[in-house]
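This report refers to the structure that appears directly beneath it.
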Amino acid sequence: MAAGLVSAAENVVYIGTYTGKGSQGIYAWRFEAATGALAEIGLVGETNNPSFLAIHPNGKFLYAVNETKDGQVTSFSIDPQTAKLTELNHVPTGGADPCHLVVDHTGHALIVANYTGGSVASFPLAADGTLGKAVTFMQYRGSSVNKARQESAHAHDVALSRDNRFAVICDLGMDKLMVYRFNSQTGTLTANDPPFALMKPGSGPRHFVFDVAGSHGYVISELASTITAFHWDASRGALREMQTVSTLPADFKGTNTSAEIAIHPSGRFLYGSNRGDNSLALFLIDKATGTLKPAGHFSAGGRTPRSFAIDPTGQFLLAANQDSNDIVIFQIDQRTGALANTGRSLQLSQPVCVLFAVR
């Protein structure tokens, strides 16, 4: 088996949704890694607008943002037999419309990005999975050149470095990648030096991911429909821009916003999603330099691929198409990274997050 891949006979796939148009919260399916077949479990956690999900490293707890004006994050325990969720507690995030969260690698803390609130907060996690009160709160002030979308700060994503020492926050409104030192014991964030990396005006950085080795990072920019590659200095927490490539086909004409980004467990392939072109873009990663080589586009099989995730074995990719209300299953060519639509899909109202939980 290739390095970086794991063996899992059966996983559970959790799907976060926007509620109000037929969905009631978080749904789940059992996923057979060998075949890509799914068996429906159904609604496992009823909660409001759970638009992004994260799982505790011990696999016992799941966390969801509640993307509402009075933003909250909710903790759940996971039933190991049924995969159903039981709410433990919820706490305010301190800002409107939280849209992303991450649990640190030790399971001691959780960090949330508030989109409309333009802020970031961190919370300690108790041994029983419950959330404590915020121990860090960062309110951003700033804007950029796109007056319709960048009139104020819009924190959109949190990524932790492989060594768990730094947090990178994408702010779409300020065109900045904020960098903080992270203390896993206390859950606190403190200013780093350098404090941020500045993106090209109008980019709108949305989601950031570190490579498998932890020496490079990649950000997908929603407004510019680009992916930018960075060298990551792990000793200083510093980002140095290396390359920017388009997520779109050369002949695309129309309106597009890019959304999700993910790296294959092998570390060889990177994918990004396009809402407008309704495609998944593939890039080959040069492991020595960290640079990207465009390698094709594949139809998402539906409208508005807001999110997607690769199963832990690296065999399949599940794309959540928000506006066609489906999750489409693709098989990944292990040699080239190419995607093949399996013809299988799941029907669900406004899916917006896909999370694999290895059992």
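What follows draws every value from the coordinates through simple rules; no lab data is involved. Computed from a predicted model, the values in this text were never measured in an experiment. Cβ placement follows ideal geometry from the backbone for every residue including glycine, while neighbour counts extend to all protein chains displayed.
Brief remarks follow.
- Matching residues in the range 255-280 - criterion: being over 15 Å from Asp333 (Cβ atoms) and in a strand (DSSP E or B): Thr257, Ser258, Ala259, Glu260, Ile261, Ala262, Ile263, Gly272, Ser273, Asn274, Arg275, Ser279
- Filter result for Gly296 (farther than 20 Å from Arg335 by Cα and out of contact with any Phe, Trp or Tyr (no Cβ under 7 Å at 6 or more places or on another chain)): no
- Top-ranked residue of the range 147-168 - restricted to ones that are in contact (Cβ under 8 Å) with a residue 60 or more places away in the chain and not in a strand (DSSP E or B), ranked as surrounded by the most Cβ atoms within 10 Å (Cβ to Cβ): Gln150
- Taken together, Ala39, Ala96, Ala34 contain a single residue that is part of a loop (DSSP other than H, G, I, E, B) and over 30 Å from Asp171 (Cα atoms), which is Ala34.
- Looking across the range 100-146, the residues that are of a type in the set (Gly, Ala, Ser), surrounded by fewer than 20 Cβ atoms within 10 Å (Cβ to Cβ) and without any contact (Cβ under 8 Å) to a residue 40 or more places away in the chain come down to Ala126, Ala127, Gly142, Ser143.
- A Cβ distance below 9 Å, combined with a sequence gap of six or more or placement on separate chains, defines the contacts here; from the range 181-205, residues that are closer than 14 Å to Ile111 by Cβ reach no residue that is of a type in the set (D, E, K, R) and surrounded by fewer than 13 Cβ atoms within 10 Å (Cβ to Cβ).
- Selection from the range 57-84 of residues that are of a type outside the set (Asp, Glu), crowded, with 22+ Cβ neighbours inside 10 Å and assigned to a loop (DSSP other than H, G, I, E, B): Gly71
- Residues that are of a type in the set (Gly, Ala, Ser), in contact (Cβ under 8 Å) with a residue 40 or more places away in the chain and surrounded by fewer than 16 Cβ atoms within 10 Å (Cβ to Cβ) within the range 216-245 comprise just one, Ala234.
- Selected residue (criterion: surrounded by the fewest Cβ atoms within 10 Å (Cβ to Cβ)) from residues of the range 309-355 that are in a loop (DSSP other than H, G, I, E, B) and of a type in the set (Val, Ile, Thr): Thr336
- Look at (1) more than 18 Å from the chain's Cα centre (by Cα); (2) under 26 Å from Gln150 (Cβ atoms) and you find that Pro305 fails only one, number (1).
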